[in-house]
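S.K.: Can you keep this structure in mind? I'll have questions shortly.
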Amino acid sequence: MSKWYPKNGRVIFHLDMNSFYASVEAAYNPALKGKPLAIAGNPEERRGIIVTSSYEARKYGVRTTMPVWQARRLCPELIIIRPNFERYRHASKEMFKMMAEITPYVQPVSIDEGYMDISECQALGSPLEIAEALQSRIKSELDLPCSIGIAPNKFLAKMASDMKKPMGITVLRKRDLPEKLWPLPIEDMYGVGAKTAEKLRKLDICTIGDLVKTDTFQLKHTLGVNGERLQKRASGEDQSPVDPNAIYDFKSIGNSETLPEDTVDDSKITQLLRKLSRKVANRLERKEVVCQTIQLMIRYHNRKTITRSVTKAQYISEEADIFWVANDLFEQHWTGEPIRLLGVTAQGLVEKTAIAEQLDLFHYQDQVENEAIQGVIDQLTDKYGKNPFKSTKQKRDDIQPGTSFQKDFLDDFRNSNE
Amino acid sequence: MKFVIKRDLLIESIQHVMKAISSRVTIPILSGIKIEANQDGIKLTGSDADISIESFIPREEDGIVNIEEIEAGSIVVQAKYFPDIIRKLPLKTVEINTDDQFQVNIISGGAEFHLNGQDAAEYPQLPVLHTDNSFELKNDLLKEVIRQTVFAVSTVETRPILTGVNMNLDNGQIKFVATDSHRLASRELPLTTNHDLSFKNIVIPGRSLAELSKIIDDNEENITISVTENQILFQTKHLYFLSRLLDGNYPETSRLIPDQSKTTVLTKTKELLQAIDRASLLAKENRNNVVKLETRANHQLVISSNTPEVGQVIEEVTTEEITGDELKISFSAKYMMDALKIIQEEYVTIKFTGAMRPFIIQPNENDQILQLILPVRTY
């Protein structure tokens, strides 16, 4: 059996659910199967964009992030539904559970993909057998398709899972690279975005193979350390471990939203800022973190985008405080031109349990409004060993998170592991 | 200008005026030291426009001759080079003379420096204070007051007025208050001279006081303090220290100090300080350096700190007495240590009014010192 496993190396899976939201919807309502289906935030409004679509819809040219109206024009019989995040969360949780039953080394990356390190799973069979078993279990129990990439490191596994969709299993060994990886256009490489690709093309690097052959010094000069890292990956080197906790090192929480139409109307802008602040505050609360820095993003009608941030001495987490800071930034930096999109992001996040708030001589009376209640809670906590109260939270199921929220599902994964 | 001076006296004087000289000045000539000589002695001046210091060396003092061969005159020398030159000269005396091209010649033994100087006429005139608002304090007492208050001033410029020490004089009582809004230190003392004087809202930059404290000697000689609307002058026999005052209204702090307490602890100052110091060894890792204090039966206090990544520490302190409600409170170990360090008395009284309210630290049976610390709220 062990001949399938390298002596001094790792075996990594990258599991990628195929058009996840659409597949979940089809599993939920089999009548949708085989039909062009798309999930969009707001099917009625112009700002609605396609979040994901089924393979049937993709045949018509429907693509993620395409505006709804454009998708409809390409495929008139397209079925568009609003996202049901609870369903996706549930499916995601089940899928990660199945992965975790194989190995504890599971690193979720987003709601629908993750890495596994199965280097020590000889007892369960060859890597290919494990992958086939996992794929068929997800298919039979959740009725969801997925693709799995098998490789000696995370980068190659990620590239491999992309090679055959849907329901693919691809093994990418180092000796396969010249044939399978290097002919691919540079844009297809994981980690190469539009901007990086543009820079690489200027260096006459059009394929992943070109990248491998390029002079390291020149790459470093153009792209900094990232250039060197990309080259190493392209040549099959990626030492990064499968870290089950990596996902929890979130650095910021942000929300943005496009206005129904470009506007200079103060009341509409304020309203949106308030809404975004509320969303950010809710997500901070959900994660039980507070922040010190608020960043505001303004995108103007001409797509010119600016971000401005401010760091406060105090920790903030309340909607009113976030709004106050964001609004302040807005007033300082708005040029008065029509605005298309606004974003509010909380940065410098700290877990609530890890911080202590220094009270201020001139404001402590406001800071300790709930002192009496807190005192009673403390007493009862002492008496019963744990806090008998639970802070009531607004029921969140009715809050539909936007596309930027997809990592919040991980709190479910984390809680289910505890 | 010419004189021959004892080198150690010159070095000391230079060190004094250097306290006022900053490398970043808007007026270039202020990066230099002004030297003036006349038959009484020589005078050095340094200034950064906020603080100006004059140090005088008399020609003769108590029958001992300090300076010889004086020819009157003045010059401005570069503060970047002059102090080091004087410090490293070989002999106990140094001769300094200038020519009409503003060149400064420094001669000691075989060493001879020729330094480019500047015309002293270009150096700004220090304002002459006209005020009757003067009173006297002993040198050592002023140093003590500074030590007991200036550590609590704010070091950030978010509220500039809090970077200063507030001085009020009323009914023959002078009161100094400093706060960075997280803790407060105050010191009161009766005035022995000029009882009719009264002023308020005088805010002296913390930095000025810290520099002043380094310069004045620890003795019982008098220092004269004169106050005008925007400047304060500290004057001893050979020193003239002028500082700008801070603009703006110092916040009213007296009403923020609780006048009743729910829990009172009387304990040995040093023991508590050492326990907090030990607990903070682990707390340094967390952001606010927080330690927790809990009252227990039998006059016991428990000081603890827990930093999950590092470990935890628990220490019991037997106090003289604990009266009132049970209490559990968290606060910055640094603030507490700062407060306890300036208390010389053997015993200290701490008055708490709840876990979310400021608490008061005072030496036992000494009302002149009052310190306040705001706790931290933990989640």
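Only the coordinates and a few stated rules stand behind these numbers; no lab work does. None of these values were measured; they are calculated from a predicted model. A quick note on method: Cβ atoms are made from the backbone with ideal geometry, for glycine too, and the neighbour counts reach across all protein chains shown.
S.K.: If I fit a long axis through the Cα atoms of helix B:269-283 and take the longest principal axis of the Cα atoms of chain B, what angle between them do I get, 0 to 90°, rounded to 10?
M.R.: Long axis of B:269-283 versus the principal axis of chain B: about 90 degrees.
S.K.: Report the Cα centroid-to-centroid distance between region A:323-342 and region A:167-245 in angstrom, as an integer.
M.R.: 39
S.K.: I would also like to ask the following. Which listed residue (A:145, B:318, A:264) has the Cα farthest towards the positive end of the charge dipole for the protein assembly as shown, taking +1 on Lys and Arg C-beta and -1 on Asp and Glu C-beta about the Cα centre?
M.R.: A:145
S.K.: Return the equivalent ellipsoid semi-axes of region A:19-152 as a descending list in whole Å, where each equals the square root of 5 times an eigenvalue of the C-alpha gyration tensor.
M.R.: On the way: eigenvalues 208, 38, 35 Å².
Semi-axis lengths for region A:19-152 are 32, 14, 13 Å.
S.K.: Pull up all non-local amide H partners of residue A:309: gap of 5 or more, or a different chain, and H-to-H distance under 5 Å with H placed in the peptide plane.
M.R.: A:296
S.K.: Under the Karplus relation 6.51 cos²θ - 1.76 cosθ + 1.60, θ = phi - 60°, what is the ordered set of whole-Hz ³J(HN,Hα) values for region B:170-179, x standing for Gly and Pro?
M.R.: The phi angles translate into 7, 6, x, 10, 10, 10, 10, 10, 9, 8 Hz.
S.K.: Still on this structure, I have one more. Treat the count of other C-beta atoms within 10 Å as a stand-in for reagent exposure and order A:69, A:4 from fewest to most.
M.R.: Numbers: A:69 11, A:4 14.
The order, fewest Cβ neighbours first, is A:69, A:4.
S.K.: Between residue A:5 and residue A:86, with labels modelled 7 Å along Cα→Cβ, what's the label distance in nm to one decimal, could you check?
M.R.: So the label points at residue A:5 and residue A:86 sit 4.2 nm apart.
S.K.: Using modelled backbone amide H atoms (1.01 Å from N, in-plane), which distant-in-sequence or interchain residues come within less than 5 Å of residue A:171's amide H?
M.R.: A:150
S.K.: Then there's this: What does the charge dipole of the protein assembly as shown about its Cα centre add up to, to the nearest 20 debye, if the Cβ of each Lys and Arg holds +1 and the Cβ of each Asp and Glu holds -1? Mind showing how you got there, number by number?
M.R.: Values: 99 positive and 112 negative charges, 998 e Å.
Using only the charged Cβ atoms, the result is roughly 4800 debye.
S.K.: Using the charge dipole of region B:2-122 (Lys, Arg: +1 at Cβ; Asp, Glu: -1 at Cβ; taken about the Cα centre), state which of B:31, B:94, B:118 has its Cα farthest towards the positive end.
M.R.: It is B:31.
S.K.: For the residues B:238, A:363, what sequence is obtained by ranking on other C-beta atoms within 10 Å, fewest first?
M.R.: Working: B:238 16, A:363 12.
Ranked by crowding around the Cβ, least crowded first: A:363, B:238.
S.K.: Return the equivalent ellipsoid semi-axes of the protein assembly as shown as a descending list in whole Å, where each equals the square root of 5 times an eigenvalue of the C-alpha gyration tensor. Walk me through the intermediate numbers first.
M.R.: Numbers: eigenvalues 908, 266, 147 Å².
Rounded to whole Å, the semi-axes are 67, 36, 27.
S.K.: Mind checking the full-extension length gain between residue A:303 and residue A:226? Use 0.36 nm per residue of separation minus the Cα-Cα distance, one decimal, nm.
M.R.: Values: separation 77, 0.36 × 77 = 27.72 nm, distance 2.71 nm.
Gain on stretching residue A:303 to residue A:226: 25.0 nm.
S.K.: While we're looking at this one, here's another question. Amide H neighbours of residue B:66 under 5 Å, at least 5 residues apart or on other chains, H built in the peptide plane: list them.
M.R.: Amide H neighbours of residue B:66: B:60, B:61.
S.K.: Another question, then. Which loop-located chymotrypsin sites (Phe, Trp or Tyr not before Pro) does region B:116-224 contain, where loop means any DSSP state but H, G, I, E or B and the Cβ has at most 14 other Cβ atoms within 10 Å?
M.R.: Numbers: sites: B:135, B:151, B:176, B:199; in loops: none.
The qualifying sites: there are none.
S.K.: Just to be sure I understand: if I project the alpha-carbon convex hull of chain B onto a plane and average over all orientations, what area do I get in nm²?
M.R.: Taking the Cα atoms of chain B, their convex hull projects to 22.8 nm² on average.
S.K.: In whole percent, what relative contact order does chain B give with Cα contacts below 8 Å and a gap of six or more residues? Don't jump to the answer; show the numbers that get you there.
M.R.: Numbers: 864 pairs, mean separation 46.5, N = 379.
For chain B, the relative contact order is 12 percent.
S.K.: Further question on the same structure: Give me the net charge for the shell around residue A:229: Cβ to Cβ below 13 angstrom, other residues only, Lys and Arg +1, Asp and Glu -1.
M.R.: Working: positive: A:154, A:220, A:232, A:233; negative: A:228, A:237, A:238.
After counting each charged neighbour, the total is +1.
S.K.: Have a look at B:249, B:21, A:6 and report the one farthest towards the positive end of the charge dipole of the protein assembly as shown, computed about the Cα centre with Cβ charges (Lys/Arg +1, Asp/Glu -1).
M.R.: The residue sitting farthest along the positive end of the dipole is A:6.
S.K.: If the reach is capped at under 18 angstrom between alpha carbons, list the aspartates and glutamates near residue B:200, excluding any in the same chain fewer than eight residues apart.
M.R.: Reachable aspartates and glutamates: B:132, B:136, B:170, B:188, B:229, B:247, B:252.
S.K.: A follow-up question, please. Taking all pairs of distinct Cα atoms, average 1/r, flip it, and tell me the Kirkwood hydrodynamic radius of region A:178-234 in Å to one decimal place. If you can, show how the numbers build up before the last one.
M.R.: Values: mean 1/r = 0.0923 Å⁻¹.
Here the Kirkwood hydrodynamic radius works out to 10.8 Å.
S.K.: Does anyone have the angle between helix B:206-215 and the longest principal axis of chain B? Alpha-carbon axes, 0 to 90°, nearest 10?
M.R.: 60
S.K.: In addition: Could you give the distance between the Cα centres of region A:278-304 and region B:327-364, to the whole Å?
M.R.: Here the answer is 39 Å between Cα centres.
S.K.: Strictly greater than 19 Å: what percent of every Cα pair in region B:2-122 meets that?
M.R.: Beyond 19 Å sits 42 percent of the P(r) for region B:2-122.
S.K.: Using θ = phi - 60° and the Karplus form 6.51 cos²θ - 1.76 cosθ + 1.60, what ³J(HN,Hα) does each residue of region A:182-196 get, whole Hz, x for Gly and Pro?
M.R.: With the stated coefficients, region A:182-196 comes to 5, x, 5, x, 4, 4, 7, 6, 5, x, 9, x, 4, 5, 5 Hz.
S.K.: For region B:293-344, what size does the Cα cloud have along each of its three principal axes, sorted from largest down, in whole Å?
M.R.: Principal axes ranked by extent give 35, 27, 16 Å for the Cα atoms.
S.K.: Turning to a different aspect of this structure: For region A:178-234, calculate the relative contact order in percent as a whole number, restricting contacts to Cα pairs under 8 Å that are 6 or more residues apart. Intermediate values should be presented prior to the final figure.
M.R.: Numbers: 51 pairs, mean separation 19.4, N = 57.
Value for region A:178-234: 34 percent.
S.K.: Sort A:309, B:108 so the one with the fewest other Cβ atoms within 10 Å of its own Cβ comes first. Could you put the intermediate results ahead of the total?
M.R.: Numbers: A:309 15, B:108 20.
Ascending number of Cβ neighbours within 10 Å: A:309, B:108.
S.K.: Distance cut-off 19 Å, Cα to Cα: go down the list B:214/B:270; B:19/B:80; B:268/B:351; A:165/A:195; B:19/B:214 and report the pairs above it. Don't skip to the answer; put the middle values down first.
M.R.: On the way: B:214/B:270 26 Å; B:19/B:80 13 Å; B:268/B:351 14 Å; A:165/A:195 26 Å; B:19/B:214 9 Å.
In this structure, B:214/B:270; A:165/A:195 exceed 19 Å between Cα atoms.
S.K.: Over region A:131-176, what relative contact order in percent results from Cα pairs under 8 Å that are six or more residues apart? Spell out each step's value before the answer.
M.R.: Working: 72 pairs, mean separation 15.5, N = 46.
With pairs under 8 Å counted, the relative contact order is 34 percent.
S.K.: Which angle from 0 to 90°, rounded to the nearest 10, does the C-alpha axis of helix B:139-149 make with the longest principal axis of chain B?
M.R.: 50
S.K.: Find how many whole Å separate the alpha carbon centroid of region B:1-32 from the alpha carbon centroid of region A:56-81.
M.R.: If we compute the Cα centre of each part, the gap is 79 Å.
S.K.: Right, something else. Under 13 Å Cα-Cα from residue B:334, which aspartates and glutamates qualify once same-chain neighbours fewer than 8 residues away are excluded?
M.R.: B:277, B:285
S.K.: Which whole-Hz ³J(HN,Hα) couplings does region A:331-345 yield from phi under the Karplus relation 6.51 cos²θ - 1.76 cosθ + 1.60, θ = phi - 60°, glycine and proline marked x?
M.R.: 5, 6, 10, 5, 7, x, 6, x, 10, 9, 9, 10, x, 10, 10
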